[in-house]
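Participant: Structure incoming, see below.
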Amino acid sequence: MTDEACIVGIGETAYVRKPGSGLSLLGLQLQAAVRAIEDAGLTGRQIDGIMPFPNLGHAESFAANLGCENLRFQSIVWMGGAAPVASLRVAAAAVRQGLADHVLIPGGWNGYSGARARQTVAEDVSSLPGGAIARDYYLPFGFSAPPQWYSVMARRHMHEFGTRAEQLGCIAVAMRKHAQLNPNAVMKARPMSIEDYLASPMLADPYRFFDCCLETDGAAAVVVTTPERARDLGKEPVFIMSAAAGQPCPADEITNRKDIFQTGLSLAAPEAFGRAGISPGDVDFAQIYDCFTFEVLQQLEEAGFCKRGEGGAFVEGGRIELGGELPVNTHGGLLSEAHVLGLNHIVEAVRQLRGDAGERQVAEAEVGVVTGWGDFGDGSIAILRRA
Amino acid sequence: MVNQGETGIPRPLPELEGLSGDFYGYCRDRELRFQRCSDCGQWRHVPREMCAECGSWNWEGERSSGRGRVFTWTVVARALHPAFQDACPYAPVVIEMEEGVRVLSEMTDCAPEELEIDLPVEVVFEDVNEDVTLPKFRRTAS
């Protein structure tokens, strides 16, 4: 095991819809950051590395508010929702190399009360890698937003492997079940059955309304440092056994891949498992970036938890629910906890490995996986273990 | 499909610059042409500066047969771009051309519920304005 670095602090805001967070974009993220820094037993002035989420803030703004005395490392990974987990990998490398001692990875937005999450790319694709491609070859045909882009892969998967709507529904229902055990989940006290799922209106066929992630206000943050420094902080760290990121070929255009199901994770997962020296069968839970249901199924396949084409059967029968073979998104995920850009997946993984997950604790959780998915299929993965 | 919804919000159009100017220029001339590497013969779409197969900078805009098959599609029931609100339901379709490249487009003569994978299709051209012509597809006459 390499144990490249560790996570010593986690923080979250309340996750809400109406009436909204009442905080600015920066203020919201700072609230989560302060909680993560306190959780680590640090102060703001000791943070010397910051890795903001793309387009959601500058490291300088975080540093000025937190009182960082020596912001000597900053970087943004331009991989959309794959950025937070990919940032874990960069942060791990940074602390190992001595570029920084304590790296803060914040992220969050007012995706409900501010500019709605659904609008982030639908009308202005210029922030995407290959934004000019989407502008010139997608938008004139109304192919304008993530659920539409990804649903064409879902349909192809249904055609090639017989994947069914009910199987996508199993994913949505599992996330919703887990949210019932999470006081901070927006969908707590709002249970959903497979019948509810199937009755929800189509948005981008085969994606129904309940295949799609939430729009919420909220932020989360984590702090990364070396195992040596973690020991001095007097807190049980969670170790990053390995982390990897990857891009499909080509990464900037989603229709012309020789292998239409290839994602960045297809390449990153074998690298991460190889470096951690374990296999998917050794994993106790997985927090899988769930912008839409099919992306969970696809990532389970591409990460090697099952073979390609077998994802539909894999998610059935409660296998991905708490108590099942591989509990997935024990917090409820983007589908039923909140859309916190995947930062909430990292926070939940740490909480599980600390044994602090309360009612939704995975018994004897020792090793967990967290993934990210962004833009046109960028992928990232971290394999974490408890101390 | 008309190219301006009843909301009055104009549909987004391609910028006719650089390689996109080349591609849509061919369409205006009623020709579907894709880049083909002059050195290794690889077809490609969307247009690129270089051949990702062999590294060559040399290419020709070579005429496509115009024929292909439906590879996959989605049916947008709720538009996420305001210019398409009045068009729902509509179906962005991925066509796999005989040359092997895939094109994102839409059908002119086929309702979303009639789409099927491998449906044979052929290109037609739809003038949006004086400058822009979009390549669209219809069922191949059998």
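Read-outs: derived from the displayed coordinates by stated rules, not from any lab. These numbers come from a predicted model, not from an experiment. Methodologically, a virtual Cβ is constructed for each residue, glycine included, from the backbone with ideal geometry; neighbour enumeration extends over all protein chains shown.
Participant: Apply the Karplus curve 6.51 cos²θ - 1.76 cosθ + 1.60, θ = phi - 60°, to the phi angles in the range A:346-362 and return the couplings in whole Hz, x for Gly and Pro.
Facilitator: Taking θ as phi minus 60°, the curve returns 5, 4, 5, 4, 5, 4, 4, 6, 7, x, 9, 8, x, 4, 9, 4, 7 Hz for the range A:346-362.
Participant: Can you give me the Cα centroid spacing of the range A:116-158 and the range B:27-99 in angstrom?
Facilitator: What the calculation gives is 15 Å, centre to centre.
Participant: Quick one: among A:Phe53, A:Phe210, A:Phe143, which has the greatest mean-square fluctuation in a GNM of chain A with alpha-carbon springs under 10 angstrom?
Facilitator: Comparing A:Phe53, A:Phe210, A:Phe143 in a Gaussian network model of chain A, the most mobile one is A:Phe143.
Participant: I've got another one for you. Residues in the range A:370-387, backbone N under 13 Å from the label point at A:Asp3 (7 Å along the Cα-to-beta-carbon vector): list them, ranges by number please.
Facilitator: A:385-387
Participant: Kindly rank A:371-379, A:145-153, B:22-30 from highest to lowest mean number of other beta carbons found within 10 Å of each residue.
Facilitator: On the way: A:371-379: 29.2, A:145-153: 24.3, B:22-30: 17.1.
Most protected by this proxy first, the peptides run A:371-379, A:145-153, B:22-30.
Participant: Say the dipole of the range A:333-387 comes from +1 at the beta carbon of Lys and Arg and -1 at that of Asp and Glu; which of A:Gly355, A:Ile383, A:Thr371 then lies farthest toward its positive end?
Facilitator: A:Gly355
Participant: Magnitude of the Cβ-charge dipole of the range A:225-312, K/R +1 and D/E -1, about the Cα centre, nearest 20 debye? All intermediate terms of the calculation are to be shown ahead of the outcome.
Facilitator: On the way: 8 positive and 14 negative charges, 36 e Å.
The dipole magnitude comes to about 180 debye.
Participant: Out of all DSSP beta bridges in the protein assembly as shown, what portion is antiparallel? Express it as a percent rounded to 5. Don't skip to the end; give the middle numbers.
Facilitator: On the way: 66 of 76 bridges.
Just about 85 percent of them are antiparallel.
Participant: Continuing with this model, one more query. Can you check what the net charge comes to around B:Arg36, using other residues whose Cβ is under 14 Å from the Cβ of B:Arg36 (Lys, Arg +1; Asp, Glu -1)?
Facilitator: Details: positive: B:Arg33, B:Arg44, B:Arg48, B:Arg63; negative: B:Asp22, B:Glu31, B:Asp39, B:Glu53, B:Glu60, B:Glu62, B:Glu98, B:Glu99.
In short, -4.
Participant: Please average, across the residues of A:118-126, the number of beta carbons from any other chain that are within 10 Å of each residue's own beta carbon, and give a whole number.
Facilitator: Numbers: counts 2, 3, 0, 2, 5, 6, 1, 2, 0.
Counting Cβ atoms of other protein chains within 10 Å of each residue's Cβ and averaging gives 2.
Participant: What's the center-to-center distance, using Cα atoms, between the range B:100-142 and the range A:5-83 in Å?
Facilitator: 47
Participant: Using a 10 Å cut-off around each Cβ of peptide B:67-74, what is the average number of partner chain Cβ atoms that fall inside? Write out the running numbers ahead of the final one.
Facilitator: Numbers: counts 0, 0, 0, 0, 6, 12, 7, 17.
Mean partner-chain Cβ count within 10 Å for B:67-74: 5.
Participant: In debye, nearest 20, what is the charge dipole magnitude of the range B:19-109 about its Cα centre with +1 on Lys and Arg Cβ and -1 on Asp and Glu Cβ, if you could check?
Facilitator: On the way: 11 positive and 14 negative charges, 35 e Å.
Charge dipole, the range B:19-109, about its Cα centre: 160 debye, nearest 20.
Participant: Related question: Which Cα, out of A:Val186, A:Gly130, A:Ala145, lies furthest along the positive dipole direction of the range A:109-257 (beta carbon charges, K/R +1, D/E -1)?
Facilitator: A:Val186
Participant: On to the next question. Between beta-carbons, use under 9 Å as the cut-off and find the net charge around A:Glu69, counting Lys and Arg +1, Asp and Glu -1.
Facilitator: 0
Participant: Considering only B:Pro89, B:Val75, B:Cys27, whose Cα is most displaced toward the positive end of the charge dipole of the range B:18-139, charges sitting on Cβ of Lys, Arg (+1) and Asp, Glu (-1)?
Facilitator: B:Val75
Participant: A further question follows. Shape verdict for chain A, please, from the Cα gyration tensor: rounded (a/c under 1.5), prolate (a/b greater than b/c) or oblate. Please report the intermediate quantities before stating the final value.
Facilitator: Numbers: a/c = 1.44, a/b = 1.30, b/c = 1.11.
It is rounded, given that a/c, with a ≥ b ≥ c, falls under 1.5.
Participant: Enter the mean number of other protein chain beta carbons within 10 Å of the beta carbon of each residue in A:305-312, as an integer.
Facilitator: Rounded to a whole number, the mean comes out at 0.
Participant: Would you please give the FRET efficiency between B:Glu53 and A:Ser127, computed as 1/(1 + (r/R0)^6) with r the Cβ-Cβ distance and R0 = 35 Å, to the nearest 0.05?
Facilitator: Values: r = 29 Å, r/R0 = 0.84.
Efficiency, from the Cβ-Cβ distance: 0.75.
Participant: Give me the percent of DSSP beta bridges within chain B that run antiparallel, rounded to the nearest 5.
Facilitator: Details: 28 of 29 bridges.
Among the beta bridges of chain B, antiparallel pairing accounts for roughly 95 percent.
Participant: While we're looking at this one, here's another question. Most mobile of A:Leu23, A:Leu168, A:Leu335 per a Gaussian network model of chain A (Cα springs, under 10 Å)?
Facilitator: Comparing A:Leu23, A:Leu168, A:Leu335 in the GNM, the peak value goes to A:Leu23.
Participant: Still on this structure: Would you calculate the convex hull of the Cα atoms in chain B and tell me its volume per residue in Å³?
Facilitator: On the way: hull volume 16.6 nm³, N = 142.
Dividing the Cα hull volume of chain B by its residues yields 117 Å³.
Participant: Which shape class applies to the range A:122-184: rounded if a/c is under 1.5, otherwise prolate when a/b exceeds b/c and oblate if not, where a ≥ b ≥ c are the square roots of the Cα gyration tensor eigenvalues?
Facilitator: On the way: a/c = 3.91, a/b = 1.57, b/c = 2.50.
Because a/c hits 1.5 or more and a/b fails to exceed b/c, the range A:122-184 counts as oblate.
Participant: For B:Leu80, what is the net charge nearby, where nearby means another residue's Cβ is under 9 Å from its Cβ and Lys, Arg count +1, Asp, Glu -1? Please list the in-between numbers first.
Facilitator: Numbers: positive: A:Arg118, B:Arg78; negative: A:Glu123.
For residues surrounding B:Leu80, the net value is +1.
Participant: In whole Hz and in residue order, list the ³J(HN,Hα) couplings for the range A:284-292 that follow from phi through the Karplus curve 6.51 cos²θ - 1.76 cosθ + 1.60, θ = phi - 60°; x for Gly and Pro.
Facilitator: For the range A:284-292, the Karplus curve yields 8, 7, 9, 9, 9, 4, 10, 4, 9 Hz.
Participant: With +1 assigned to the C-beta of every Lys and Arg and -1 to the C-beta of every Asp and Glu, and no other charges, what is the dipole magnitude of chain A about the Cα centre in debye, to the nearest 20? It would help to have the intermediate numbers written out before the result.
Facilitator: Values: 32 positive and 45 negative charges, 64 e Å.
The dipole of chain A has a size of about 300 debye.
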